[in-house]
Every structure is written in structure tokens, then in C-alpha cells.
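Just so it is clear, none of the values below were taken in a lab; they were calculated from the coordinates. It should be emphasised that the depicted structure is a prediction, and the values quoted were computed from it without experimental measurement. All Cβ positions, glycine included, derive from the backbone under ideal geometry; neighbour counts span all protein chains shown.
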Amino acid sequence: MVLEELILHYYLKVFSLLIVTLLITFFLYTFYVLNKDLDISERLIIIKKGEKIENFLSQNINDLSKIESIILNSYFKASNILLNKFIHFGEFNVESNVSAINLLDIISNPSNIINRITIVEGWTNKQLKFELSKYFKNIKNVPYEDIIADTYFFEKNSNFETFMENLITTKSKYMNNFKDNIVYKKFTENEIMIIGSIIEKEGLGTEDKKKISSVILNRLNKNMKLQIDATVIYAITKGQYNLNRKLLFKDLKIDHPFNTYIYKGLPPKPISYVGKETLDIIFENYKTDFLFYFFNNSLNRHIFSKTYSEHKKKLNEYRNKK
């Protein structure tokens, strides 16, 4: 009886050691499988909405053995339950030497593919809509006063609402930097955007924009009509700027709230999107004594004057040379 107990005890000990050995071997092998470089079919992985882990593994990882497939499948599902790591659908860029652990980190986060969109200063609503339609569905009109024209980066599968929140937040943060600026204290944020939009449509470069900005501010300070051609073109074309002809003298007389030849002060709203560089110019509050300017086609630049008589003289000289 004692001998039988010893034999039983021996076999139990051997069995226990075997189980422990198997468990250690399994955990070491699992660690190896999870950390070894996977043979990824494509650097760009596409996960469809609702796709199962099993299908994802078979479609994107080559040369997986049955046991490796079971281990990876179990690991992904356990991570889902225990670590709340959900698989995102979309497109993901994956390095060729990625491990299963790294792969899960990549696909359990939003798409790591970043898109870039540049909103050009002076663009119209139509131009922005066309650009946005390349990246988003169900886009809405974006008012000129809501955003700043700039280059923005966003995740490939971002929706339009998330993208817009980022743009609005960016503008708000930018404007907060100038709360104590003298221009901000004199004009509302919307008025600053209106001034900026006029400069975008009239100015040709940084120095030109600085002078035009000073003319606009000088005229507003003197309660003079702005008499800006861009606002008339906006009124005639309903904001599309496709006039396809020269502006005529009779155009300057149309009764429209955006016609700054008829109405004093700023137009009711911005006439284009405004960039940071132009807003920086406005807040710089660049000073000149200029009140008038016109565009010289021969020189391809604006000619500025301090008085109407000086302006008229320069304009006549230009017209006589044509």
C-alpha cells in the first residue's frame, strides 16, 4: 500500500512537472508569437466596418500556422474584453517589421494615415466646398468668418464635424492671442475678418497688403467710403468672382449692401477666407498716410497716394500712357 502511494505520488509529481513545463512552454511560445515580426501582406491595411478578427488575420498576415492564428485571435479578443481595445475600421499604415502587440496598438486607434488640406486665403465658399468634397461626405457651408485659411492635418477617417471643430478651435486660439491688441479693441472679430477678406482680394503680396490694410483703416477712421472694387465684384457675381470682364463705371453705382462705393463702412460679412499672414498684418496696425490706390497693369502693382489730387494725377498719368 505504501509502495502504491509512493508510485502515485511520483506520477502526480511527474504529471505536475509536465503540466508546468507545458504551461511555461506555451507562455514562452505565446510571447514569441506576439513579439515576432509578422509577415504583413500589404503596408496599407484596410479594415472594413464589422470585420471579424479571424478574417482580418487571414487576409493581412501571411504564413500563420493554425496554433499561431489561434494565439493571435485569442490575444486580440482578450485585449478587447480586458483592456477595452476595440478594432477600428479604416485604413492603417503598417511597418514591415511590426509585431502582433504593435499591430493591435495601431488598429485599436483611429487611422494613423494623416491627410492634409490647404485652405487658400482668398478662396470662395465654392472653392472650399470642392476641396472638402475630396475628403468628406455630407459637407456643409463654412462661413468665411468661422475659420482661418491655413494648412490643416487630419486623420483619414475623420468626419466633417470633427474637422470643422478643429478649424473653429484653431481660429479661436489664434484670436485669443490678440485680445489686448489695439485693433481688436476697436473692431469686432467679425469686422476684422471682413477687413482681412478685402485685403485678400485686393493685395498682391505682404508689403502690398500692409499698405492696403493701412488705407482701409485710415478711411474707416475718417468715415470715408472704402470704394473697394473687390466688394463690387462680390456683389455683382454673388460671391463667385467670375465677372470675366473689366469693372465698369456703372457697376460702381449698383445698390447692394456690399457695394462700398455706395455704402460707408464695412460690408456686412467677409467676402472670402482670410489667412493668418493677413490677420497678422491687420494686428500689426501698419501705419501710412495713404488714402487712395489703384492698380497699374504696366507695373503689375498698386500705386498709393495720400491725397485725392495726388491720386487723380497719378491715375491720369497712367491712363495717358496706355
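Which value at 222 nm does the chain reach when only helices count, each DSSP H run of 4 or more adding -39,500 (n - 2.57), with the total divided by all residues and rounded to the nearest 500 deg cm²/dmol?
My calculation for the chain gives -15500 deg cm²/dmol from helical runs alone.
Relative contact order for the chain using alpha-carbon pairs under 8 Å, separation at least 6, rounded to a whole percent?
15
What distance in nm separates the two pseudo spin-label positions at residue 67 and residue 89, each 7 Å out from Cα along the beta-carbon direction?
3.6
For helix 206-221, report the angle its Cα long axis makes with the longest principal axis of the Cα atoms of the chain; keep it between 0 and 90° and round to the nearest 10°.
Helix 206-221 sits at roughly 60 degrees to that axis.
On full extension of the chain, what length is gained from residue 310 through residue 297, given 0.36 nm per residue of separation minus the C-alpha to C-alpha distance?
Residue separation times 0.36 nm, minus the Cα-Cα distance, leaves 2.8 nm.
Arrange the peptides 294-301, 206-213 so that the one whose residues have, on average, the most other Cβ atoms within 10 Å appears first.
Top of the packing list down: 206-213, 294-301.
Could you tell me which trypsin sites (Lys or Arg not before Pro) in the range 14-118 are loop residues by DSSP with no more than 13 other beta carbons within 10 angstrom of their beta carbon? Kindly include the intermediate steps, with their values, before the conclusion.
Details: sites: 36, 43, 48, 49, 52, 66, 77, 85, 116; in loops: 36, 43, 48, 49, 52, 85.
Here the sparse-neighbourhood loop sites are 36, 43, 48, 49, 52.
Taking Cα atoms, how many degrees apart are the long axis of helix 189-202 and the longest axis of the chain, rounded to 10 and kept between 0 and 90?
70
Computed from these coordinates, which is semi-axes √(5λ) of the Cα gyration tensor in Å: (i) 32, 23, 19; (ii) 37, 25, 18; (iii) 70, 19, 16?
Of the labelled values, this structure produces (iii).
Which of the GluC sites (Glu not before Pro) found in the range 11-90 are loop residues per DSSP with 14 or fewer other Cβ atoms within 10 Å of their Cβ? List each step's numbers first, then the result.
Numbers: sites: 42, 51, 54, 68; in loops: 42, 51.
Of the GluC sites (Glu not before Pro), the ones in loops of the range 11-90 whose Cβ has at most 14 other Cβ atoms within 10 Å are 42, 51.
Taking R0 as 41 Å, what's the FRET efficiency between residue 18 and residue 159 from their Cβ-Cβ distance, rounded to 0.05?
So the FRET efficiency works out to roughly 0.15.
Choose one of 214, 203, 315: the residue whose Cα lies farthest towards the positive end of the charge dipole of the chain (beta-carbon charges +1 Lys, Arg; -1 Asp, Glu; about the Cα centre).
315
Using the basic label-point model (7 angstrom from Cα toward the beta carbon), what is the residue 237 to residue 172 distance in nanometres?
Inter-label distance under the simple model: 3.4 nm.
If each of residue 248 and residue 102 carries a label point 7 Å out from its Cα toward its Cβ, how far apart are those two points in nm?
6.8
Taking amide H positions as placed in the peptide plane 1.01 Å from N, state which residues far from residue 302 in sequence (5 or more) or on other chains have amide H under 5 Å from it.
Amide H to amide H, under 5 Å and 5 or more residues apart or across chains, residue 302 pairs with 296.
Shape of the range 142-292 from its Cα gyration tensor (a ≥ b ≥ c, root eigenvalues): rounded if a/c is under 1.5, otherwise prolate when a/b > b/c, or oblate?
oblate
Treating the angle as unsigned and between 0 and 90°, give the value, to the nearest 10°, between the Cα long axis of helix 308-321 and the longest Cα principal axis of the chain.
So the helix axis and the longest Cα principal axis differ by about 90 degrees.
Can you compute the FRET efficiency between residue 31 and residue 204 using 1/(1 + (r/R0)^6), with r the Cβ-Cβ distance and R0 = 51 Å? Round to the nearest 0.05.
0.20
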